[in-house]
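Trainee: For reference, the structure I am asking about is given below.
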Amino acid sequence: MLQLQDIVLHRGDRLLFDDLSFVVHAGQHVALVGRNGAGKSTLFSLIRKRLGPEEGNVLVPSSWRVVHMAQEAPASDRSALDFVIDGHAELRDVERAAERAASEQGRELEHANLLQRFDDLGGYQAEAEAAKILHGLGFEADTLNNPVESFSGGWRVRLALAQTLMTPADLLLLDEPTNHLDLEATLWLERRLASFPGTLLTIAHDRDFLDRATGYTVHLENGRATQYAGNYSAFERQYAERATLAAAEARKAAAKRKQIEAFVNRFRAKASKARQVQSRLKALEKLDASAVLQAQNPYDIAFSNADKVSRPVLKLDDAALGYPDHPVLDEVKLSIQPGARIGVLGKNGAGKSTLLKTIAGEIEPRAGQIVRGKHSSVGYFAQHQMELLDGRRSAIVELRALYPERFAPETPARSYLGGWGFSGDDVFRPIDTFSGGERARLVLALIAASEPALLILDEPTNHLDLDMRAALAFALQAFNGAMLLVSHDRHLLRQCVDELWLVDGGRLREFGQDLDAYERGDLAPTTAQPESSREAAAASTTAEPAPPERNTRKDRERVRAERAARRAATRPLRREIERLETEMEALIEDLTRLEARLAEPDAYSDENKANLNAWLQEQGQLKARLEQIEQSWLNRQEALEAAEASETQASGK
């Protein structure tokens, strides 16, 4: 077993570990979790003997082969296939020894023994095994003999992971193995690790990956380690049970849950498909466990909403997407309506990023037409944008350069950046000194302030820790604009999107099933064109069937007039619903802010007695008003649904 006993370690003046102890038994698959700076990567260094504790012991069985994933494959002219096989060092040693023995007379018996050892180590299957790993991680067959130096940084990370998986191990240490992986590669890695017979210790910020790949959790907090039986979700539940014993934390958790529940209830009432409703309700069931952890979340972020939004935001009509010498997608027809929340699925290289780049305006369609509304500003996040930041500038300078009027005063600028994790003098640090996570947070912060009508996010969670991912999910739930999301983080997809599009075989189509079906590989074909749910709902209630060819011009004009009259009849009702929604959002925001204040311990001090009565009275008034507005909204929503049903019936006659 792996044992860490009474470890004490400082980082400068800071006490990082204080009598830290835990045990990992052979064969256990363990998640190592904790906030940034808790010491997760430092523990890996201790286990690998790259670092020694000031006090205590790190005991690793002498017979254990400890294998650690490098952060990137170094540039070399070795082929990708050879580089991966190189991970099996003993196999390579035996192979070279056998070659030397074969070239010299009198070593025939030694050569035969070496060949037998080569066979025992799986040498004759090594190339096939390495190719299998590379294929699972997304490498195409025609790239396996390309030199390592020809691959980009993200693909070199995959090569490093592939070599690690090729290396025989008794203890496997994986630090962020899902970074730079797409969803398909992540699913393959989960299956691969499930069959790994040795001991696994992994650091990851993908909670679904942790749930699937591990069965035990070690949580680092305040310099100590606490062990939990179960995966990450089980850890959250157990942690919540312990933490809710503290009254102040319980009140904060209740306030956070109420905020989340308000969002989910809105989706429950407005969702047009039963599958979407159930998805939201399942997400709500899991929030009880995570609310306590989120009450402690250091990030406080939000995406600003546009004042005006066109309907539709954007349309593509029979477009061909790609590059001058490289077609990617054909016959793309889509419409994105305000408030659409779309997850885009597809294998690596299928064209997801090409689709997003086209919609974002970074590349033009090869053929066909793209129509953007007058009020259709785009906030676009992609990995390459982190490299476009001016490394000589600071976060506060970048923010002020983009929004000089809003953030000219230092106080609001520092407050805004503080919510994104840039506190104190961090706002003045040169961006050249930023980590990958800090760069990603800054780019997201700059986009969030832009008031986009359409938010396009291409793998936004790479480099982000679990706290930031959770904060991002809450912020995206509150965002009112349209959103397209590509992510290998299934938890983020489940929490933030209502519909799925699939890029497959050079085409884009609506994926009418849920994410679980996609994970199972159930890609039942459908002819439906991707159309955001709000447009689909509008089309089902307001669109007239095309009149037969024999209809006269007068008949067509009569149909259009009737359609316009029905639409005009419901317009006041729609406007009233929108007004009530705006008022509900404001009341929820006020109530959440007030209940957060009431969750503070000093709210009940003697100095705040007078204020406390006023706060409690205001809380009661806000709750009563919110209940009244919600009931009015429900009544008008039912009236609108009845009117739309009547309209649909009339349209079908």
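Trainee: Would you list Val23, Val371 from the most to the least accessible area, probe 1.4 Å?
Mentor: Greatest to least solvent exposure: Val371, Val23.
Trainee: Given an 8 Å cut-off on Cα distances and at least 6 residues of separation, report the relative contact order of the stretch 1-159 as a percent.
Mentor: Relative contact order comes out at 24 percent.
Trainee: Tell me the accessible surface of Arg625 in square angstrom (1.4 angstrom probe, heavy atoms of protein chains only), to the nearest ten.
Mentor: 90 Å²
Trainee: If you don't mind, there's one more thing I want to ask. Beta carbons within 10 angstrom, averaged per residue: use that to sort the peptides 454-464, 314-324, highest first.
Mentor: Per-residue mean Cβ counts within 10 Å order the peptides as 454-464, 314-324.
Trainee: Okay, next question. In whole angstrom, how far apart do the alpha carbon centroids of the stretch 494-518 and the stretch 376-400 sit?
Mentor: 29 Å
Trainee: Sticking with this structure for a sec: What residue among Leu345, Phe407, Gly418 has its Cα farthest toward the positive end of the dipole of the stretch 339-427, where the charges are +1 on Lys, Arg and -1 on Asp, Glu, each on the Cβ?
Mentor: Leu345
Trainee: Read phi for every residue in the stretch 432-449 and hand back ³J(HN,Hα) as whole Hz from Karplus 6.51 cos²θ - 1.76 cosθ + 1.60, θ = phi - 60°, with x for Gly and Pro.
Mentor: Karplus values, whole Hz, x for Gly and Pro: 4, 8, 6, 6, x, x, 5, 4, 4, 5, 5, 4, 4, 5, 5, 5, 4, 7.
Trainee: Given Cβ point charges of +1 (Lys, Arg) and -1 (Asp, Glu) and nothing else, what value in debye, to the nearest 20, does the dipole of the stretch 401-448 about its Cα centre take?
Mentor: 140 debye
Trainee: Further question on the same structure: In square nanometres, what is one fourth of the surface area of the convex hull spanned by the alpha carbons of the stretch 292-403?
Mentor: 10.5 nm²
Trainee: Of Lys49/Lys132; Lys315/Lys357; Lys347/Lys374; Lys132/Lys357; Lys40/Lys347; Lys40/Lys132, which pairs sit farther than 24 Å apart, going by alpha carbon to alpha carbon?
Mentor: Lys49/Lys132; Lys347/Lys374; Lys132/Lys357; Lys40/Lys347; Lys40/Lys132
Trainee: Let me ask something else. Run through all the Cα pairs of the stretch 419-479 and give the fraction in each 10 Å bin from 0, expressed as whole percent.
Mentor: Calculated P(r), rounded to whole percents: 19, 56, 24, 2.
Trainee: A further question on this structure: How long is the gain from Arg14 to Lys49 if the chain were fully straight, where each residue apart is worth 0.36 nm and the alpha carbon distance is subtracted?
Mentor: Result: 10.5 nm gained on full extension.
Trainee: To continue, here is another question. Once you keep just the Cα pairs under 8 angstrom separated by 6 or more residues, what percentage relative contact order results for the stretch 430-508?
Mentor: Contact order relative to length: 30 percent.
Trainee: Among Arg439, Arg429, Arg520, what's the order by accessible area (1.4 angstrom probe), most exposed first?
Mentor: Largest to smallest exposure gives the sequence Arg520, Arg429, Arg439.
Trainee: Would you rank Leu616, Leu388 by solvent-accessible area, highest first, keeping every protein chain in place and using a 1.4 Å probe?
Mentor: Highest to lowest solvent-accessible surface, that is Leu388, Leu616.
Trainee: Let me ask something else. Rounded to whole Å and sorted largest first, what semi-axes of the equivalent ellipsoid does the C-alpha gyration tensor of the stretch 390-533 yield via the square root of 5 times each eigenvalue?
Mentor: 35, 16, 13
Trainee: Cα to Cα, under 15 Å, and not fewer than 8 places away if on the same chain: which aspartates and glutamates meet these conditions relative to Lys308?
Mentor: Glu451, Glu578
Trainee: Right, another one. What is the stretch 114-207 by shape, rounded, prolate or oblate, if you read a ≥ b ≥ c off the alpha carbon gyration tensor as root eigenvalues and call it rounded for a/c under 1.5, prolate for a/b larger than b/c, and oblate otherwise?
Mentor: Because a/c hits 1.5 or more and a/b fails to exceed b/c, the stretch 114-207 counts as oblate.
Trainee: List the aspartates and glutamates whose Cα sits under 16 Å from the Cα of Lys623, skipping any in the same chain fewer than 8 residues away.
Mentor: Glu261, Glu581, Glu583, Glu585, Glu589, Asp590, Glu595
Trainee: Going by a ≥ b ≥ c, the root eigenvalues of the Cα gyration tensor, does the stretch 1-124 fall in the rounded group (a/c under 1.5), the prolate group (a/b larger than b/c) or the oblate group?
Mentor: The shape class here is prolate.
Trainee: In debye, nearest 20: dipole of the stretch 1-65 around its Cα centre with unit charges on the Cβ of K, R (+) and D, E (-)?
Mentor: The dipole magnitude comes to about 440 debye.
Trainee: Moving on to the next point. Per residue, how much accessible surface does the stretch 351-434 expose to a 1.4 Å probe? Answer in Å², no decimals.
Mentor: It amounts to 51 Å² per residue over the stretch 351-434.
The values are calculated or read from the model by the stated rules, or taken from the named source; none is laboratory data. Everything numeric here is computed off the predicted structure, so don't read it as measured data. Note that each Cβ is placed from the backbone with ideal geometry, even for glycine, and that neighbours are counted across all protein chains shown. Calculation scope for accessible area: heavy atoms of the full protein, side chains included, ligands and nucleic acids excluded. Shrake-Rupley method; radii C 1.70, N 1.55, O 1.52, S 1.80 Å.
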